[in-house]
Amino acid sequence: MKQKNKLWSGAFQKATDSSVEEFTASIQFDKALYNEEIACCIAHTIMLKKQKIITANKAKNIITGLNKIKKQIETNKFNFKIKNEDIHLSIESALFNLIGKDAGHLHTGRSRNDLIATDLRMYCIAASKEIIGLLMKLRATFIGMAEKEQATVFPGYTHLQVAQPILLGHHLLAYEAMLMRDTNRFINVIDQTNILPLGSGALAGSGYKFDRKLLANELGFNAISSNSMDAVSDRDFVIDMHSAMATCMIHISRLSEEIILWATKEFNLVQISDDFATGSSIMPQKKNPDVAELMRGKSARVIGNLMQILVLMKGLPLTYNRDLQEDKEPLFDSINTITSVLKITDGLLHALTFKRDEAEHKANSGFALATDVADYLVKKGIPFRESHEIVGLIVKYCTENNLALEELTLKQYQKFSKKFTSDITRLNVYSSLSNRNITGGTAPNQVKSAIKKAQTQLDQTNKKLKKEL
Ligand code: ARG
């Protein structure tokens, strides 16, 4: 008979088959949770001592052992073995090896089910904090760029066709607005995740007089869970985290797409500096936006990982099922992906030089001022639908005669409506921009105050987070 060697194998007659050991082990990836796991173990030991469930001496031995294990892991001296299954059993068996029998008290009244739920919540909170930090940095970069480009006239697009002139600062602030919502999304994730499952035991609640408030305080949780069955089987916080990451990656992907387009010869609106572009192995003339393309491409795996957790959870009966072990790898993958993407995004933004002359030229092209001509007639008393029709005919006339709107004489304008007077020939991109003088619009003074507002909001959030997180 094979030797029994598991912490849980009391009732087992046979040792685990090695193929099962390999198939069920999660230590290869859940070792990433060592920090949270050891913090939980220490908090639990402090609580067991305070509740007089274990003696002060035993608690001291356990905590000293746990700290040693933590050091071993952090200096790469810890040997993670498949036969120890997961992070919980790896640390507990290492503790046995280090301090002997006293280690046997550590698992009093707890289960790997409430432990893993607690570890994972702590991990998500720490990751959200890191992501928020990166988002704040990126928002500051966008605000700085908006300030620099607040007077840059840029073509605004709908349907990928030049639509109306805008200020580049306005366009850049649109991304800041998305990242502000992302920041708030991760703050909400932290709020929702900040609830302690420990004390829920395997599913029914622990059978000891535990001080769960003390556990929450030790581990920095705001609240304790109110239903043990929900606490061990809930992964909504993982879904929320994935969802916030996927939405954020969609924003990054849209930004990437725009940078890729702008950098083409066809758009010719931006130059990516050499240190952030790559070459082709065959075509010497190529300078490719590979960084932006990978940022766009990596959004696919983050979105895919959101689908994975949704499908994983669908139809799982209460409470713990081993399926839940599959929550970790995609989560770690998305967190690693989004953090590396947010870092490189900041670098890429700093590597962009906008082609201001070309941008202004494009903003003037494609009848971008047609709406302004229509608005002009409306201000002279013509109903909008009628003026839309008139300007449509003007655009048709220009197209047929290969003319731009600015090239039309007053006489030509007046063929279409007697309401046109000499001031129509003074219409240009600048008057068009100034006309959008409405909160949220692209008029220069609106963009200026939007920059100020974004900066104030960012400073306030920074201050608030410094206090709270
Ligand atoms: N490795 C498991 C997980 O990640 C640990 C949780 C409890 N395992 C168990 N067999 N009850 O979900």
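No lab work stands behind these numbers, since they all come straight from the coordinates. On a predicted model such as this, the values are computed, not experimentally measured, just so you know. Neighbour counts run over all protein chains shown; Cβ positions are idealised from the backbone, glycine included.
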Scoring only Lys, Arg, Asp and Glu (+1, +1, -1, -1) among other residues with Cβ under 12 Å from the Cβ of I62 yields +3
Between 0 and 90°, nearest 10: helix 444-468 axis offset from the chain longest Cα axis:
10
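What translational D, rounded to a whole number of µm²/s, comes out for the range 150-278 from Stokes-Einstein when the hydrodynamic radius is the Kirkwood one over Cα pairs, at 10 °C and 1.306 mPa s? Mind dumping the intermediate values first?
Working: Rh = 18.8 Å.
Roughly 85 µm²/s, to the nearest whole number.
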14 Å Cα-Cα reach of K298 towards aspartates and glutamates, excluding residues that sit fewer than 8 places from it in its own chain
E257, D290, D333
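Using just the helices of the chain, give the 222 nm mean residue ellipticity in deg cm²/dmol: DSSP H runs with n ≥ 4 each add -39,500 (n - 2.57), and the total is spread over all residues, rounded to 500. Mind showing how you got there, number by number?
On the way: 18 runs with 285 residues, N = 469.
Calculated from helices alone, the mean residue ellipticity at 222 nm is -20000 deg cm²/dmol.
Give the Kirkwood hydrodynamic radius (Å, one decimal) of the chain, defined as one over the mean of 1/r across all pairs of different Cα atoms.
Working: mean 1/r = 0.0375 Å⁻¹.
Final number for the Kirkwood radius of the chain is 26.6 Å.
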One would report the Cα pair-distance distribution of the range 181-257, bin width 5 Å, in %, as 3, 15, 19, 19, 14, 10, 8, 5, 4, 2, 1, 0
Estimated inter-spin distance, Y397 and H159, nm [label 7 Å along Cα→Cβ]:
2.3
Using the Cα centre as the reference, give the magnitude of the dipole from point charges on the C-beta atoms of the range 73-150 (Lys, Arg: +1; Asp, Glu: -1; all else neutral), rounded to the nearest 20 debye.
60
Rounded to two decimals, the Debye log10 I(q)/I(0) of the range 276-335 (Cα scatterers, no solvent) at q = 0.19 Å⁻¹ is -0.75
Residue by residue through the range 438-443, which ³J(HN,Hα) values in whole Hz follow from phi under the Karplus form 6.51 cos²θ - 1.76 cosθ + 1.60 (θ = phi - 60°), with glycine and proline marked x?
9, 3, x, x, 9, 4
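Using 1/(1 + (r/R0)^6) with R0 = 22 angstrom and r between the beta carbons of I224 and L318, what's the FRET efficiency to the nearest 0.05? Walk me through the numbers before you get to the answer.
Numbers: r = 19 Å, r/R0 = 0.87.
Here the calculated transfer efficiency is 0.70.
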Excluding residues fewer than 8 places away in the same chain, name every one of the lysines whose C-alpha is closer than 18 Å to that of K452.
K137, K148, K463
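Taking 20 Å as the cut-off for C-alpha to C-alpha distance, list the pairs among K49/K83; K71/K466; K265/K448; K265/K287 that go past it.
Flagged as over cut-off: K49/K83; K71/K466; K265/K448.
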Around F354, which amide H atoms from residues at least 5 apart in sequence, or from another chain, sit under 5 Å from its own amide H, with H modelled in the peptide plane?
Q271
Rounded to the nearest 10 degrees, what's the angle between the helix 87-99 long axis and the longest principal axis of the chain, both from Cα atoms, 0 to 90?
40
Extension length gain for N188 and T108 (0.36 nm per residue less Cα distance), in nm, is 25.5 nm
From phi via Karplus (6.51, -1.76, 1.60), per-residue ³J(HN,Hα) for the range 19-31 in Hz, x at Gly/Pro:
5, 5, 4, 5, 5, 8, 5, 10, 4, 4, 10, 7, 4
To the nearest Å, what is the center-to-center distance of the range 329-381 and the range 17-83, using C-alpha atoms only?
49
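Among the DSSP beta bridges whose two residues both lie in the chain, what percent are antiparallel, rounded to the nearest 5? Display every interim value, and only then the final one.
Numbers: 10 of 12 bridges.
Roughly 85 percent of the DSSP beta bridges within the chain come out antiparallel.
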Per residue of the range 415-420, what does 6.51 cos²θ - 1.76 cosθ + 1.60 with θ = phi - 60° give for ³J(HN,Hα)? Whole Hz please, x for Gly and Pro, Karplus curve as stated.
4, 8, 7, 6, 6, 5
Could you tell me how far the Cα centroid of the range 282-326 sits from the Cα centroid of the range 190-236, in Å?
29
According to a simple spin-label model (label point 7 Å from Cα along Cα-to-Cβ), what is the distance in nm between A177 and S434?
2.4
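Given +1 on the Cβ of Lys and Arg, -1 on the Cβ of Asp and Glu, and no further charges, what dipole in debye does the chain carry about its Cα centre, rounded to the nearest 20? Intermediate values should be presented prior to the final figure.
Numbers: 61 positive and 51 negative charges, 268 e Å.
About 1280 debye.
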